[in-house]
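Visitor: Got a structure for you, written out below as structure tokens; questions coming shortly.
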Amino acid sequence: MDVRRVDLAKVLAVTPFPQRPRLDHEAGRLVGTRCGNCGAVSWPGRPVCQRCGAVDAREIALSDEGTLITYTTVWVRRPGLPTPYVLGQVDLADGVRIFAHGRGLTEEHRVPLPVRLVLLDDPDAVPPFVFEPRENR
Ligand SMILES: [Zn+2]
């Protein structure tokens, strides 16, 4: 069994998870981390690499383009969200898979589908970003 050793003192010196930025509204991008050792990319950012265990995460602005690989339409009501709404999994160009709300899909759209992430103007919006088909712009 391969055992990874993590330098706990280095981990504790890294900015804690809840205090890390997840979105950069000025840039219109999600903020993740890239491992300085192996290059693995994460969103949200992680202090310790999930692939190699290194404590060498560097914040990066993630790509706003990706591929929708699957989605579903949700009809169950939830406070603050008009129904129906769309949820899907998107593989960003950086190699990160995210779960997000979508808009602008029609019955003609099929996966895999090129999509773009759009951060909403209101920083307190729920959800704060959505994906939409790339041909809509
Ligand atoms: Zn790594």
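The values are calculated or read from the model by the stated rules, or taken from the named source; none is laboratory data. In this text, all values refer to a predicted model and were calculated from it rather than measured experimentally. Here Cβ is always computed from backbone atoms with ideal geometry, including for glycine, and neighbour counts include all displayed protein chains.
Visitor: Taking the stretch 75-124 only, how many residues are β-branched (Val, Ile, Thr) and free of Cβ contacts under 8 Å to residues at least 40 places away in the same chain?
Guide: Here the count works out to 4.
Visitor: Restricting to the stretch 14-57, and then to whatever is part of a loop (DSSP other than H, G, I, E, B) and of a type in the set (S, T, N, Q), can you tell me which residue is surrounded by the fewest Cβ atoms within 10 Å (Cβ to Cβ)?
Guide: Filtering the stretch 14-57 down to residues part of a loop (DSSP other than H, G, I, E, B) leaves 14-16, 20-22, 25-28, 36-40, 43-56.
Then keep just the ones that are of a type in the set (S, T, N, Q); that gives 15, 37, 50.
Working: Thr15: 12, Asn37: 14, Gln50: 10.
For the stretch 14-57, the residue satisfying everything is Gln50.
Visitor: In this structure, is Gly66 crowded, with 16+ Cβ neighbours inside 10 Å, touching a Leu at 6+ places or on another chain (Cβ under 8 Å) and either modelled with pLDDT of 95 or more or not in a strand (DSSP E or B) (or both)?
Guide: yes
Visitor: State whether the residues of the stretch 77-94 include one that is in contact with a strand residue (DSSP E or B) (Cβ under 7 Å, 6 or more places away or on another chain) and under 19 Å from Pro18 (Cα atoms).
Guide: The answer is no; no qualifying residue exists.
Visitor: Working only within the stretch 48-83, note down all residues that are more than 16 Å from the ligand (Cβ to nearest atom) and of a type in the set (S, T, N, Q). Lay out the reasoning, then the answer.
Guide: So in the stretch 48-83, the residues more than 16 Å from the ligand (Cβ to nearest atom) come out as 61-83.
Selection gives Ser63, Thr67, Thr70, Thr72, Thr73, Thr83.
Visitor: Leu30 is checked against (1) touching a helix residue (DSSP H, G or I) at 6+ places or on another chain (Cβ under 6 Å); (2) at pLDDT 95 or above and fails just one. What number does that condition carry?
Guide: (1)
Visitor: Oh, and also: Could you list, ordered by first residue, the pairs with Cβ atoms under 9 Å in which the first is in the stretch 50-66 and in contact (Cβ under 8 Å) with a residue 60 or more places away in the chain and the second is away from the ligand (no atom under 16 Å from the Cβ) and part of a loop (DSSP other than H, G, I, E, B), at least 6 apart or interchain?
Guide: Taking only residues 6 or more apart or on different chains, the pairs are Glu65/Ala93; Gly66/Ala93.
Visitor: Which residue, of Gly39, Gly45, is over 25 Å from Leu105 (Cβ atoms) and either without any contact (Cβ under 8 Å) to a residue 24 or more places away in the chain or within 11 Å of the ligand (Cβ to nearest atom) (or both)?
Guide: Numbers: Gly45 fails: either without any contact (Cβ under 8 Å) to a residue 24 or more places away in the chain or within 11 Å of the ligand (Cβ to nearest atom) (or both).
The conditions single out Gly39.
Visitor: Moving on to the next point. Scan the stretch 82-124 for residues that are aliphatic (A, V, I, L, M) and closer than 17 Å to Val31 by Cβ and jot them down.
Guide: Val90, Leu92, Ala93, Val96, Ile98, Ala100, Leu117, Val118, Leu119, Leu120
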